[in-house]
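A quick write-up on the structure given underneath.
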Amino acid sequence: MTDTPVDKVAKATPETMARRIRGLSDRTIAWIFVAPTIFLLLAVNIFPLIWTIRLSFTNYRVNRPNRDVEWVGLRNYERILSDPDIWATMQATAHFLIWTIVLQVLIGFALAFLINKKFRGNDMWTTIIVFPMMLSPAVVGNFWTFLYQPQIGLFNYVVAFFSGADPASFSMIGDVHLAPWAIVIADTWMWTPFVMLICLAGLRSIPDSIYEAAECDRASKWRQFWTITIPMVLPFLMLAVLFRGIENFKMFDLVVQLTGGGPGNTTTLTSIDLKREAFEKWRTGYSSAYAVILFVTVFGLASIYVKALNKVKER
Amino acid sequence: MSFSVTEPTKGTKWFAGVLVVGYALITIAPLLWIIATGFKSGPDSIAYPPKVFFEPSMEGYVNLFTDRTRATQDMLEAAGEPKTWYDKIAREQGTIINGPSRYGERFLNSVIIGFGSTALCMILGTAAAYAFSRFRVPLKDDLLFFILSTRMMPPIAVAIPIFLMFRQLGLNDTHLGMILLYTAVNLSLSVWLLKGFIDEIPIEYEEAALIDGYTRFQAFYKVVLPQAATGIASTAIFCLIFAWNEYAFAVLLTSGTAQTAPPFIPTIIGVGGKDWPAVAAGATIFLLPVMVFTILLRKHLLRGITFGAVRK
């Protein structure tokens, strides 16, 4: 272990003076500073996690506290993984996840690329574009239901205006085919700025000298884009995808307010399904197993993805 | 200005500017629409075609803050002349005000829980971040990874045991419970961000202070804290915005006394049918502070939303 500058100073100071200067030892201070945080995280994160894992092997139900709690082993896990309804919610989640990421990456990158052309007032317009992502998703979901109202909704009116269809003829949140797209549109509206900001940071990190060198070598703009811009922004873009992926895998508030999981089960994402099992049907043991499966899935996928990300960064 | 090959041409700038401004206008339209709807009368808000120009009305705001019942003509006459301007607006809709609605309380809950958890989070977070930044804490790297991984858990999954734990401790539907919960959820973000900010402060300042006879504690709060003020302020705003916007825990763990505004706003209904101006008014009041904070935060936005992974 190497000495920090503080340690060097401490060694050079006479013993009696050092005691006066330091008061409490660094070790003590470190623990006083870190302990409350660790305690709170243990109490609110680790302890509940262990409790969830324990509950997932039982048939415990919150609404029947007097019933004997039985140890059921892996039965909850077996039932979940063989339940076709749960695979349907996984499919709805995958649809939501893939399309939001594709749209947000395309639009977000394009916007960042344009903003990076440094036209006058680009800072102000960037701030305006960023507004949606800072708002409360539940409140956003709630007011998008208003925009999606057939006939009176602004969204239907604008679509009808440009397509010539009757604004009362379609309902974004009432139609089984349109509802999955309704949540994709609202989420894209809200989170495209996030991808945009990260891409913008990536674009701004590319030194001008690289482009100047490429210009000297008479590389075309098109070629510069594919051989300089894209590879340099890729690590940033992948980071944005990681964040959006994790966030949208846990998506709850926006969608539950927008469609409530309906019509039918077409927009029932895993978090919404989990909420129903845990807090409406009160199948606590079963939903704990469900939660553990979701956590393992997202943790596993994220770990694989981070490995790939690090490889891209090293290149 | 010197010529540079990397400087976009005037035409490119114009083209880019027009497209970005176009997108910005489309993206801001729904927000402006909601703000405008808050100032519409009931019939105007559901008019077809949607009304861009309308006569402003305070109906939405009056309905948001009051609890009303529909009254017959006789009852209206018996109630006499309206005493205040808001009384008058309620009467015009054929209703009588019974008293204030619960929106004020819910908003206040959001303020108490938001600021309470932010304050607690900053006190604990700054101390922990300082220790992580300056001392050799055992398992430091693992701990930071653990802190980040807590964010991967879906909130509903965490809510199951928290619900059981809170019920056991009597913390369900209390301000204290929500403050502790949001503090714990935000701590990971704030420790991580603050560590980044404190890492940037040269350690030489503290060394100088220590040599001058300051104790560690004094060096911490007289030298490091003032230097980290900007970082602490922007981290605090992030924590505040998170606590302010949070919905999943709020809807599952609160129902009455400690309910915050996000679960409440969607439940606003009028006398007969959904009262869209009132909902829009509620959303506007709730969203405006966040928009102001966003403008204040612009420079540190990226760092906050990416947990400090991207720094500018």
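Structure notes:
- Stokes-Einstein diffusion coefficient of the protein assembly as shown, Kirkwood radius over Cα pairs, 10 °C, 1.306 mPa s, in µm²/s: 58
- Phi angles across the range A:190-199 convert, under the Karplus curve 6.51 cos²θ - 1.76 cosθ + 1.60 with θ = phi - 60°, into 3J(HN,Hα) values of 6, 9, 3, x, 4, 4, 4, 4, 5, 4 Hz, Gly and Pro given as x.
- Remark: the range A:44-55, residue by residue, has Karplus-estimated 3J(HN,Hα) of 9, 10, 6, 4, x, 4, 5, 4, 4, 4, 4, 4 Hz, where x stands for each Gly or Pro and the curve is 6.51 cos²θ - 1.76 cosθ + 1.60 at θ = phi - 60°.
- Three semi-axes of the equivalent ellipsoid, the range B:104-267, Cα gyration tensor, whole Å, largest first: 34, 17, 13
- Put in line by how crowded their Cβ is, counting other Cβ atoms within 10 Å and starting with the fewest, B:Tyr23, B:Tyr205, B:Tyr247 read B:Tyr205, B:Tyr23, B:Tyr247.
- Principal axis extents of the Cα atoms in the range B:179-244, from largest to smallest and rounded to whole angstrom, are 43, 21, 15.
- Relative contact order for chain A, counting Cα pairs under 8 Å that sit 6 or more residues apart, in percent: 28
- Rounded tilt (10° steps) of B:10-38 against the dominant C-alpha axis of chain B: 50
- Rh by Kirkwood over Cα pairs, then Stokes-Einstein D for chain A at 1.567 mPa s and 4 °C, µm²/s: 54
- Inter-label distance, nm, simple model (7 Å from Cα along the C-beta direction), B:Leu225/B:Glu81: 5.8
- Rule-of-thumb Rg ratio for chain B [Cα; 2.2 N^0.38 Å; N residues]: 1.30
- Neighbour-count order for A:Glu277, B:Glu246, fewest beta carbons within 10 angstrom listed first: A:Glu277, B:Glu246
- Over the C-alpha atoms of the range B:15-71, the Rg to Rh ratio, Rh being the Kirkwood estimate, stands at 1.17.
- Cα principal axis extents for the range A:169-315, largest first, Å: 67, 43, 19
- Close amide H pairs (under 5 Å, H built 1.01 Å from N) link B:Thr66 with B:Ser101, residues at least 5 positions away or on another chain.
- Per-residue ³J(HN,Hα) for the range B:71-86, Karplus 6.51 cos²θ - 1.76 cosθ + 1.60, θ = phi - 60°, Hz, x for Gly and Pro: 10, 7, 4, 4, 4, 4, 5, 5, 6, x, 5, x, 8, 10, 5, 6
- Summarising the label geometry, the points placed 7 Å from Cα in the beta-carbon direction at B:Ile28 and B:Lys10 lie 2.6 nm from one another.
- Contour minus Cα-Cα distance for A:Ser169 and A:Asn66 (0.36 nm per residue): 31.8 nm
- In the range A:85-219, the C-alpha radius of gyration followed by the widest Cα-Cα span (Dmax) gives 19.1, 60 angstrom.
- Other protein chain C-beta atoms within 10 Å of residue C-beta, averaged over B:123-134: 5.
- Amide proton proximity set for A:Thr58, modelled H, under 5 Å, gap of 5+: A:Val72
- Cα long-axis angle, helix B:155-169 against chain B (0 to 90 degrees, to the nearest 10): 90
- The angle between the Cα long axis of helix B:175-199 and the longest principal axis of the Cα atoms of chain B comes to about 40 degrees, rounded to the nearest 10.
- Highest-fluctuation residue, A:Thr89, A:Thr297, A:Thr127 considered, GNM on chain A with Cα pairs under 10 Å: A:Thr127
Read-outs throughout are calculated quantities, based only on the coordinates presented, and are distinct from any laboratory measurement. Keep in mind the model is a prediction, meaning the values are calculated, not measured. Backbone-built Cβ (ideal geometry, glycine too); neighbour counts: all protein chains shown.
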